[in-house]
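Engineer: First, the structure itself, so that you have it in front of you.
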Amino acid sequence: MTAVPSAVAGSPDATWLRTVVSDPLVAPMLRQLGDEYSTRYGKDAHAEMARYPSEEFEPPDGVLLLLLEAGAGVAGGAYRRYDGTTAELKRIWTHPAHRRRGLARRVVAELERIAAASGYRSVYLTTGPRQPEARALYLAAGYRPLFDLSADPETIGPLPFRKDL
């Protein structure tokens, strides 16, 4: 698959890159996600990054995006087919040096846009109970929690969300 860059509205030096898991630009994202999950959950989470076949994040059923600035990945994410009408967001990531800039929200919005254009009618995702910033991001982005918001997240496990497109 050939990566196709496209400009990011409002950011003249930023571009979206639709790419594949094997792209060398993706390696830092997967490594940092694995490190972060391992730190938060106390076990090696790098195997989780390889849990799904890479083809699931390629068209026609999926996509993997990186937001590039000066040729380097600063944020990214992917989706895969969850069912016939639903995409599942995975691997939403922002480089630690670029957090608090709204980049994750931009990644989620772009993934939603592409999923809708690809015929998906909804988006599903889960996040971990020790990722309060992700929980806040999805709530702010209009995702409906499929769990009791008043419950202790540690008693729930993965926190599922859904959003109609």
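The values are calculated or read from the model by the stated rules, or taken from the named source; none is laboratory data. Note that the coordinates shown come from a computational prediction; the quantities given were computed from them, not determined experimentally. So basically every Cβ, Gly included, is an ideal-geometry build from the backbone, and we count neighbours across all protein chains shown. Surface areas here come from the heavy atoms of the whole protein model, side chains and all, with no ligands, DNA or RNA. Shrake-Rupley method; radii C 1.70, N 1.55, O 1.52, S 1.80 Å.
Engineer: Can you put H98, H46 in order of accessible area, largest first, using a 1.4 Å probe?
Structural biologist: Greatest to least solvent exposure: H46, H98.
Engineer: Let me check against my output: what whole-number percent is the relative contact order of the chain, with C-alpha pairs under 8 Å and at least 6 apart?
Structural biologist: Averaging sequence separation for qualifying contacts and normalising by length gives 16 percent for the chain.
Engineer: Another question about this same structure. For the chain, what % of the accessible area comes from carbon and sulfur atoms, probe 1.4 Å?
Structural biologist: 54 percent
Engineer: Between T15 and R162, with labels modelled 7 Å along Cα→Cβ, what's the label distance in nm to one decimal, could you check?
Structural biologist: 3.8 nm
Engineer: On to the next question. Which helices count as membrane-span-like in the chain under these terms: full DSSP H, at least 20 Å along the axis by C-alpha, Kyte-Doolittle mean of 0.0 or more?
Structural biologist: In the chain, the long hydrophobic H runs are 103-117.
Engineer: For the stretch 35-165, what is the Kirkwood estimate of the hydrodynamic radius, computed as the reciprocal of the mean inverse distance between distinct Cα atoms, to one decimal in Å?
Structural biologist: 15.3 Å
Engineer: Sticking with this structure for a sec: Residues of the chain: accessible area per residue at 1.4 Å, in Å²?
Structural biologist: Heavy-atom SASA per residue in the chain reads 51 Å².
Engineer: Next question, about the same structure. Which residue, A134, A116, A70, has the most motion in a Gaussian network model of the chain that connects Cα atoms within less than 10 Å?
Structural biologist: A70
Engineer: If you take every DSSP beta bridge fully contained in the stretch 27-165, what fraction is antiparallel? Give it as a percent rounded to 5.
Structural biologist: Antiparallel bridges make up about 90 percent of those DSSP assigns within the stretch 27-165.
Engineer: Let me ask something else. Quick one: ranking K163, K43 by accessible area, 1.4 Å probe, largest first, what do you get?
Structural biologist: K43, K163
Engineer: With n ≥ 4 as the cut-off for DSSP H runs, can you work out [θ] at 222 nm for the chain, using -39500 (n - 2.57) per run divided by the number of residues, rounded to the nearest 500?
Structural biologist: Calculated mean residue ellipticity at 222 nm is -8000 deg cm²/dmol.
Engineer: Once you put a point 7 Å from the Cα of T39 and another 7 Å from the Cα of A109, both along the Cβ direction, what distance in nm separates them?
Structural biologist: Result for the modelled spin labels: 2.7 nm.
Engineer: Most mobile of R80, R101, R113 per a Gaussian network model of the chain (Cα springs, under 10 Å)?
Structural biologist: Looking only at R80, R101, R113, the largest GNM fluctuation is found for R101.
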